[in-house]
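Heads up, the thing below is written out as structure tokens.
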Amino acid sequence: MTIALSRDSELSAERAEARERIYAMPLEELNPADPDHYPTGDMHVIFERLRHEDPVHFTAAEHAGDLGHYWSLTKWEDIQAADSNHELFSAEGIVALNRPLTAEEAAAPYNDGTMTPEEMEVIRARGSRSLLSMDPPDHEAHRGAVSEGVSPANLSAMEPLIRERAGAILDGLPIGEEFDWVDKVSVELTAMTLATLFDYPQEKRRQLTHWSNVFTSQPGPGMPAETQEEKNAARREWFVVLLDIIHRRRSEEPRLDFLSLMAHSPHSQNFTEAEMLGDGGVLLVGGNDTTRNTISGSVYALSKNPEENAKLRANPKLIPSMVSETIRWQTPLTHMARRTTRDVEIRGKLIPKGDRVVMWYVSGNRDEDKIENAAEYIIDRKNPRHHLSFGFGIHRCLGNKLAELQLRVIWEEMLARFPEINVIGEPERSHSRFIKGYETMTVVIPRRN
Ligand code: HEM
């Protein structure tokens, strides 16, 4: 079958060879979760093919690397329907599509070095839990415990602080020379905001970034944790710090930071330590990589699309809609995974009870049946908040308004300072099936004459 291929502003022309290769593969061999597809952008081609030829796709264990078999939903309608139906698609014990943890890995945060293999196995069998991997009624208690941290009133109170910090970061940038935008701006601003949300010492903010980076990456050479042991040690370190803070907050006056809210919530008396660790982890990762990669993505996308950049600079009122378009186009979290609670039929495919189903937001956001010219980056779309990137249903992103606020503020401050930001070469993209982002991105801000 031949199909009209859309121009994807994230794929370079050299990828024509990859397109041919992917379209020549037997369908059943397609493994959209292979992290190798993400730095190259090849996943867009795989999803494009799946949306047309096999929208509810089964990857058998023999083609799934170390992941085990799983199902992929690639069309907007199916993703939205599954995400909105927590009774049929349960989040219990599952967030992203991952290799199942060994007992040693599962027990790592709690293991002070004295645990027996049997004790570790008990922890593995119990599974990890956080607000993002719970069904009702527990989910409501856990989400309710922290939601005030991002209430409209709290966000309004935070805005001047975010603006001041954003301004200070931008004023400290080198002008007329190359530097890494990811490290100097995106990471720095999100780390500062995260430290504020946790009321964590600002001077130690990069520790939060480090933990988040470790949790969301596979250990390996050059990665934030080079070995599984290092990753286990970092998880234990975070656990000890987090619990210590929560215990201290309990003896202090209630405040509006996430950890104080958790400490004082009437529900949290019943939370286990493992659940608090889980919730803390979701808040940490949720507030970190996502926003960071959207900040970098906006600079990258505008540099690749000069006509959109010109529109923005001519009319700064487009900032909020540019922000939403970037969140759609970037899709900082590629997917969430669920488990079916009974046999389900979708588009003639029978998904058995208990199987993992992956809701690929990164594919739904480029579904031409739902979004016109979906592969393109267009900052003045009619309905820019119409995207899947924040999910749907009871788990819809708790921090979505905060993310939009940070992006809006930094862009207001950037437009006020820099008439031009030039991306040099191609950014280094993250090797991850879950976090769609950038490790480094070299830019130059030209000197004004
Ligand atoms: C552009 C930035 C962001 C994106 C794309 C994003 C995306 C997502 C997605 C896809 C989900 C799961 C939705 C679902 O399962 O239906 C989620 C949940 C969540 N996000 Fe975000 N997020 C962003 C920023 C943030 C920020 C800044 C925070 C603040 C701490 C945050 C906190 C959370 C929390 C706590 C959840 C779990 C909600 C629940 O399970 O009830 N996120 N986010």
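The values are calculated or read from the model by the stated rules, or taken from the named source; none is laboratory data. Computed from a predicted structure; not experimentally measured. FYI the Cβ positions are ideal-geometry reconstructions off the backbone, even for glycines, and counts take in every protein chain you see.
Tabulated results
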item: The listed residue being in contact (Cβ under 8 Å) with a residue 60 or more places away in the chain and either acidic (Asp, Glu) or within 10 Å of the ligand (Cβ to nearest atom) (or both), out of 282, 357, 344; result: 282
item: Subset of region 103-161 that is surrounded by 13 or more Cβ atoms within 10 Å (Cβ to Cβ), of a type in the set (Asp, Glu) and more than 13 Å from the ligand (Cβ to nearest atom) - its residue that is modelled with the highest pLDDT; result: 159
item: Single unsatisfied condition, residue 258 versus (1) of a type in the set (Phe, Trp, Tyr); (2) in contact with a helix residue (DSSP H, G or I) (Cβ under 6 Å, 6 or more places away or on another chain); (3) modelled with pLDDT of 90 or more; result: (3)
item: Cβ-Cβ under 7 Å pairs, at least 6 apart or on other chains, region 183-206 side over 23 Å from residue 427 (Cβ atoms), far side within 15 Å of the ligand (Cβ to nearest atom) and among the basic types (Lys, Arg); result: 195/205
item: Checking residue 301 against (1) buried (at least 18 other Cβ atoms within 10 Å of the Cβ); (2) farther than 29 Å from residue 377 by Cβ; (3) among the aliphatic types (A, V, I, L, M), the condition it does not meet; result: (2)
item: Residue ID - farthest from the ligand (Cβ to nearest atom), chosen from residues in region 411-449 that are of a type in the set (Lys, Arg) and within 30 Å of residue 139 (Cα to Cα); result: 433
item: Looking only at region 14-35, and only at residues there that are under 27 Å from the mean Cα position of the chain (by Cα) and of a type in the set (Gly, Ala, Ser), the one that is modelled with the lowest pLDDT; result: 18
item: Unmet criterion (only one of (1) modelled with pLDDT under 95; (2) assigned to a strand (DSSP E or B)) for residue 375; result: (2)
item: Some residue of region 398-410 being within 16 Å of the ligand (Cβ to nearest atom), in contact with a helix residue (DSSP H, G or I) (Cβ under 7 Å, 6 or more places away or on another chain) and part of a loop (DSSP other than H, G, I, E, B); result: yes
item: Some residue of region 73-90 being among the hydroxyl-bearing types (Ser, Thr, Tyr), surrounded by fewer than 17 Cβ atoms within 10 Å (Cβ to Cβ) and either away from the ligand (no atom under 15 Å from the Cβ) or under 30 Å from residue 255 (Cα atoms) (or both); result: no
item: Candidates 389, 430, 324, filtered to the one that is surrounded by 19 or more Cβ atoms within 10 Å (Cβ to Cβ), modelled with pLDDT under 95, among the hydroxyl-bearing types (Ser, Thr, Tyr) and touching a Lys or Arg at 6+ places or on another chain (Cβ under 8 Å); result: 430
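Residues checked against (1) under 30 Å from residue 58 (Cβ atoms); (2) free of Cβ contacts under 8 Å to residues at least 60 places away in the same chain; (3) in a loop (DSSP other than H, G, I, E, B):
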residue	(1), (2), (3)
350	yes, yes, no
353	yes, yes, yes
362	yes, no, no
368	yes, no, yes
379	no, no, yes
386	yes, yes, yes
390	yes, no, yes
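Here's the yes/no breakdown for (1) farther than 22 Å from residue 293 by Cα; (2) at pLDDT below 90:
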| position | (1), (2) |
| --- | --- |
| 189 | no, no |
| 208 | no, no |
| 217 | no, yes |
| 227 | yes, no |
